[in-house]
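The values are calculated or read from the model by the stated rules, or taken from the named source; none is laboratory data. Computed from a predicted model, the values in this text were never measured in an experiment. Cβ placement follows ideal geometry from the backbone for every residue including glycine, while neighbour counts extend to all protein chains displayed. Ligands, DNA and RNA are excluded from the accessible area calculation, which covers all protein heavy atoms including side chains. Shrake-Rupley method; radii C 1.70, N 1.55, O 1.52, S 1.80 Å.
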Amino acid sequence: DERVQALTLALPHDLHRTAAEMIAAAGKHALVEKPIATNLADADAMIDSAKRAGTILMVAEDMHFRPTIREAYRLIVEGDIGEPLYLFAHVAGVRRPRGWAAQSERLGGGVLMDMGVHYVRALRMLLGEPDTVFASRAMQIDTKISGEDSIQVLFSSSAGWEGHMFFSWASLRGHLPDIVIAGEKGTIHLWPGVPYIDLYPVDPPLIPRLLSFVRPYSLQEKLMRPRFGRVRMRVIEREGSGYQGEFREFLAAISEGKQPASSPEDARRDLEIVLHCYKALADRSTVSVPPLPS
């Protein structure tokens with residue numbers, strides 16, 4: 001159908017390669033839901049088929065277009081939090097996947113594959129590439145799925161920072177930011193779906209400085225509130241997520257004949273790191289993450 005220029009793929013993960021190759025063979029562009037695939041061989045085949053056909057292959061990674069991620073990166077680059085030390089990701093909610101999503105061979109794993117690729121992208125955008133990873137997990141709660149329903153991973157970098165991520169379908173997140181970046185001069189809190197960033201500078205605003213002189217300390221503790229040390233910074237975009245951004249980028253790439261800002265190679269790298277997390281979990285040891293090709 002010559003009227004169709006592009007398609008979006010919201011399919012079981014194990015069908016991504018077959019569908020993407022069919023679309024490329026038809027000369028159409030494809031926006032594929034994350035992850036790009038369940039293994040690197042399929043990811044490479046998808047990328048190669050689009051290159052041969054001269055079509056656009058983009059993975060729908062909303063983290064790449066989340067406005068607060070971009071703003072947090074700006075704060076880090078400009079030194080507002082000093083040297084970045086830690087990134088914490090807390091991503092949880094009670095969920096009971098069924099059907100194909102309950103089968104690890106089709107999903108590509110469990111909660112880590114389903115949600116972890118998002119936060120691996122955020123880590124890479126904010127702090128850079130990890131060098132090692134360690135993974136562990138508690139007992140399985142949902143025994144009707146073959147993949148893990150919770151996991152925590154610890155990334156380390158030769159640059160000196162560490163990243164700790166917790167993913168769960170077995171517990172609630174509560175009222176917590178999903179991403180925290182802690183530096184020597186301040187801490188950033190990112191909240192899912194909101195158009196602002198909370199910055200907690202080491203050098204606090206006026207109110208907490210004044211309250212620090214209040215005595216006795218018991219009265220100071222009663223008067224002090226966490227929000228007093230917070231600087232809330234709003235972003236220009238009203239949308240807190242990156243979903244609209246990823247679609248705008250895909251449509252712009254088609255209309256302008258350019259490669260999207262979020263490349264399929266980036267999605268492949270996200271998958272590669274997640275697969276090394278699974279290797280670390282299986283080996284019960286720290287695993288080296290191969291560096292990007294120079």
Do we find a residue being closer than 14 Å to ASP266 by Cβ and in a helix (DSSP H, G or I) anywhere in region 16-39?
no
What about TYR278, is it buried (at least 16 other Cβ atoms within 10 Å of the Cβ), among the hydroxyl-bearing types (Ser, Thr, Tyr) and part of a helix (DSSP H, G or I)?
yes
Sort through ALA50, ALA72, ALA43 and tell me the only one that's crowded, with 17+ Cβ neighbours inside 10 Å and within 16 Å of ALA6 (Cβ to Cβ).
ALA50
Can you tell me how many residues within region 165-194 are farther than 24 Å from GLU237 by Cα and either surrounded by fewer than 15 Cβ atoms within 10 Å (Cβ to Cβ) or among the hydroxyl-bearing types (Ser, Thr, Tyr) (or both)?
6
Residue match in region 147-158 (condition: among the hydrophobic types (A, V, I, L, M, F, W, C), more than 20 Å from TYR278 (Cβ to Cβ) and in contact (Cβ under 8 Å) with a residue 12 or more places away in the chain):
no
Go through (1) within 18 Å of the chain's Cα centre (by Cα); (2) at pLDDT below 95 one by one and return the number of the condition MET63 breaks.
(2)
Quickly run through region 218-251 and pick out the residues that are of a type outside the set (Lys, Arg), in a loop (DSSP other than H, G, I, E, B), within 27 Å of the chain's Cα centre (by Cα) and surrounded by 10 or more Cβ atoms within 10 Å (Cβ to Cβ).
VAL235, GLU237, GLU239, GLY240, SER241, GLY242
Condition check: open to solvent by 80 Å² or more (accessible area, probe 1.4 Å), of a type outside the set (A, V, I, L, M) and over 18 Å from PHE155 (Cβ atoms). Does ARG215 satisfy that?
yes
Return yes or no: is VAL4 loosely packed, with under 14 Cβ neighbours inside 10 Å and under 22 Å from the mean Cα position of the chain (by Cα)?
no
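Just one of ASP48, ASP42 is more than 22 Å from the chain's Cα centre (by Cα), in a helix (DSSP H, G or I), within 22 Å of ASP270 (Cα to Cα) and of a type in the set (Asp, Glu); which is it?
ASP48
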Got at least one residue in region 82-99 being in contact with an Asp or Glu (Cβ under 9 Å, 6 or more places away or on another chain) and free of Cβ contacts under 8 Å to residues at least 60 places away in the same chain?
no
Filter pass, ILE254 being in a strand (DSSP E or B) and surrounded by 16 or more Cβ atoms within 10 Å (Cβ to Cβ):
no
Options ALA267, ALA261; residue that is within 27 Å of ALA45 (Cβ to Cβ), under 24 Å from the mean Cα position of the chain (by Cα) and assigned to a loop (DSSP other than H, G, I, E, B)
ALA261
Return a yes/no flag: does region 110-129 have any residue that is among the basic types (Lys, Arg) and part of a helix (DSSP H, G or I).
yes
For VAL59, state whether it is in a helix (DSSP H, G or I), touching a helix residue (DSSP H, G or I) at 6+ places or on another chain (Cβ under 9 Å), open to solvent by less than 10 Å² (accessible area, probe 1.4 Å) and touching a residue at least 24 places away in the same chain (Cβ under 8 Å).
no
